[in-house]
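Data first, discussion second: the structure below is written as structure tokens.
The values are calculated or read from the model by the stated rules, or taken from the named source; none is laboratory data. All of these numbers come straight from a predicted model, not from anything done at the bench. Cβ: placed from backbone, ideal geometry, glycine included. Neighbour counts: every protein chain shown. For accessibility, only protein heavy atoms count, side chains too; no ligands or nucleic acids. Shrake-Rupley method; radii C 1.70, N 1.55, O 1.52, S 1.80 Å.
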Amino acid sequence: MYATSPRRRVGLADAARGRVLFGGDYNPEQWPEETWSEDVRLMREAGVNSVTLGVFSWAKIEPRPGVREFGWLDRLMDLVHANGIGVVLATPTSSPPPWLGRLHPDTLPRDADGRTEWWGGRQHFSHSSATYRRYAAAVTEDLAARYGGHPALTMWHINNEYCTYDWGDEAAGTFRRWLRDRYGTLDALNAAWGTAFWSQGYGDWQEVLPPRRAHYLNNPTQVLDFKRYTSDLLLECYAAERDIVRRHSPDIPVTTNFMPMWAGQDAWRWAEEEDVVSVDLYPDPRDPFGAQEGALVQDMTRSQARGPWMLMEQAAGAVNWRGVNHPKPRGLNRLWSLQAVARGADAVCYFQWRQSRQGAEKFHSGMVGHAGERGRAHQEIKQLGAELRRIGPAVTGRHTPAEIAILHDWNAWWAGAQDGRPSTEVDPPQVLRAWHRALWEAHLTTDFAHPEHDLTAYRLVVVPQLYLLTDTAIDRLVAYVRGGGTLVCGFLTGIADEDDRVRSGGMDERLRELFGIRTLHEWWPLDPGEYAECDGFRGTLWTEEIEALTRAEGAVAVSRYQGGELDGLPAVLNRDRAWYVSTLPEPAALRELLRGVAADAGVRPVLEGLPAQVEAVRRGDLLFVLNHGRDPVTVAVPGEYRDLLGERRVAGALELGRYGVAVLSS
Ligand code: GLA
């Protein structure tokens, strides 16, 4: 189900053509046409070579049902093309015009309480609405017929950040259809959902509903299936439009933009349906772990793309959707953009080109802010554009290698983050972040993978937490270790099967055997701020009452709990090349644990002795060195290099100023 398939012949390289794509969402319909020529002048000066058009243009293209107004878009496509700028053309289907909702209220989604989501914002469409799909297909068809052969077109961008849910009546019908495909019979559904509990047995398909507001906890497998279904229904919408544009322009790659770590889309499955995998990334400039958050999303996206990927959106400065929205300090936009390139991006783009003066996002920064071309943010954009042009030929298409895979699965997240569990303090994405952070701080580059993927290429696989694991996944993990791989696994893993049924013994037997766990007696989750003393470190969040196999049987308690109910029981258990960590060690301890296991598995950082704030990543035969700190640093780099950014020679030591970056070529 999660096997990877060969990518199509067309991909990002066809759009990038040896350059890093640089540009962003361009919404010129917000501006008088006089502004357009000014825009393209500034774009050229800034080295912009790509704009995304049409993301929210449905009402402009189709002001009344069935009417088409393409004249403005014709002029725009021709204008940018005449200026050497390529177009990522979006289908406008994420924000239907008001007339669609007025004439066809069935296109509007309902929330779990039955309330309608009205027009007046955006993304007010029901993935299940046959009417919505018909209108979306029609406008996509005409757009693709008109521009599929336009010389400016480099890529198709379907919809925007698919993220909607629907609990309405038409959705109830598509949910039943999806469930029939999955289970075949109501008996099978009743068995999978465990409906014997609380008298939930279904006798007629019409009784089966999306998990609408109920008096008390919803059936967890119903909730899990609703999340799977929502991801699949949105994917159907995407695929329908993708197939239309492909019919008109088979040689143009197709993408849609993910939100990072978004719960609503199973990105492993989605990525297989795209020619280019792209993501929107907005770390908080004030977040002390902003750079790591960026690295995580970049590593995840590169792994989904299995090669170069597209940074579709980031902010030149502040966003407008946090409580307090901080601008990017001088140099940070450049640093984080080059970090993305280091980690495999062949496209560095923004929301949006020109900052709006009206509408809900007028306080969201743009590549040209309210301060205009003299503004600092725009000046920094220009500098970045020039640098990307310089390094483009040396980096694009190159691979960012990693010897470690972190496993992540949306099903495990959906099942493991519900109500009614031992501790709502355990948040799967936060646990994932903690483990990625440990490896990032140990200066180790990581891929991500799905537990059913082929893992044999990796020296080390880590599982921060996969509450739900299929039999296929468990067999893969066991075979991976038997085949010589090293596995480190965090708590609350392998608890449930794919129907969210707790496995016999409370944790899968094959995994218990792998890690040397004889009996998993009880979980002892910790309160916020509570610690568990262990030999050599403190655990947080969670502890477990484990009876291990004996040393003679091959199990070694590497660290034990000290004091309390669990005194003397294993906190970290090792058997052969399999490690089990039954708590969340404090950050430094988790880092040192993983660093040690990685070293034993033969995995080392690309540079030894790096200062804490410095990141070093290899891409192809280039070495990116990034200073995430505000203080200058000197980094030891054995050998002689040329810095492609500074055009300087580097021998033995590299000086990096505040937020400094070097791209070293030997
Ligand atoms: C998302 C959307 C954009 C814009 C930005 C603002 O990424 O795709 O249209 O709203 O957020 O950060």
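Do we find a residue being part of a helix (DSSP H, G or I), out of contact with any strand residue (DSSP E or B) (no Cβ under 6 Å at 6 or more places or on another chain) and surrounded by 15 or more Cβ atoms within 10 Å (Cβ to Cβ) anywhere in region 621-630?
no
Considering only region 1-56, state which residues are free of Cβ contacts under 8 Å to residues at least 12 places away in the same chain and outside any helix (DSSP H, G or I).
P6, R9, R17, P32
Exactly one condition in (1) open to solvent by 50 Å² or more (accessible area, probe 1.4 Å); (2) in contact with a helix residue (DSSP H, G or I) (Cβ under 6 Å, 6 or more places away or on another chain); (3) over 21 Å from L153 (Cα atoms); (4) of a type outside the set (G, A, S) is false for E38; which is it?
The failed condition is (2).
What is the one condition in (1) hydrophobic (A, V, I, L, M, F, W, C); (2) away from the ligand (no atom under 16 Å from the Cβ); (3) crowded, with 16+ Cβ neighbours inside 10 Å; (4) within 17 Å of D243 (Cα to Cα) that A152 does not satisfy?
Going through the list (1) hydrophobic (A, V, I, L, M, F, W, C); (2) away from the ligand (no atom under 16 Å from the Cβ); (3) crowded, with 16+ Cβ neighbours inside 10 Å; (4) within 17 Å of D243 (Cα to Cα), A152 breaks only (4).
Consider G505 against the criteria (1) in a loop (DSSP other than H, G, I, E, B); (2) surrounded by 19 or more Cβ atoms within 10 Å (Cβ to Cβ); (3) not hydrophobic (A, V, I, L, M, F, W, C): it satisfies all of them except one. Which criterion is unmet?
Among (1) in a loop (DSSP other than H, G, I, E, B); (2) surrounded by 19 or more Cβ atoms within 10 Å (Cβ to Cβ); (3) not hydrophobic (A, V, I, L, M, F, W, C), the lone unmet condition for G505 is (2).
Name the residues in region 308-323 that are open to solvent by 10 Å² or more (accessible area, probe 1.4 Å) and away from the ligand (no atom under 15 Å from the Cβ), would you?
Matches in region 308-323: P308 only.
Cβ contacts < 7 Å: first residue assigned by TED's automatic domain parsing to the domain that holds L217, restricted to region 112-123; second residue within 16 Å of the ligand (Cβ to nearest atom) and aromatic (F, W, Y), any location; separation 6+ or different chain. Result?
R122/F56
Determine which member of the set Q383, Q339 is part of a helix (DSSP H, G or I) and more than 29 Å from A271 (Cα to Cα).
On inspection, the qualifying residue turns out to be Q383.
Out of everything in region 71-126 that is part of a loop (DSSP other than H, G, I, E, B) and among the small types (G, A, S), what residue ends up being farthest from A16 (Cα to Cα)?
Here the residue is G114.
Quick grid of which residues meet (1) buried (at least 23 other Cβ atoms within 10 Å of the Cβ); (2) without any contact (Cβ under 8 Å) to a residue 24 or more places away in the chain; (3) over 21 Å from A136 (Cα atoms):
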| position | (1), (2), (3) |
| --- | --- |
| T221 | no, no, yes |
| L224 | yes, no, yes |
| V245 | yes, no, no |
| I252 | yes, no, no |
| M259 | no, no, yes |
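Among (1) surrounded by fewer than 17 Cβ atoms within 10 Å (Cβ to Cβ); (2) within 15 Å of the ligand (Cβ to nearest atom); (3) closer than 25 Å to A402 by Cα, which single condition is P288 missing?
Every condition holds for P288 apart from (2).
From D419, D454, grab the single residue that is outside the structural domain of N333 (by TED's automatic domain parsing), closer than 20 Å to W268 by Cα and part of a loop (DSSP other than H, G, I, E, B).
So the residue among D419, D454 that is outside the structural domain of N333 (by TED's automatic domain parsing), closer than 20 Å to W268 by Cα and part of a loop (DSSP other than H, G, I, E, B) is D454.
Of (1) under 31 Å from the mean Cα position of the chain (by Cα); (2) open to solvent by less than 30 Å² (accessible area, probe 1.4 Å); (3) more than 17 Å from W353 (Cα to Cα), A13 satisfies all except one. Which?
It fails just one condition, (2).
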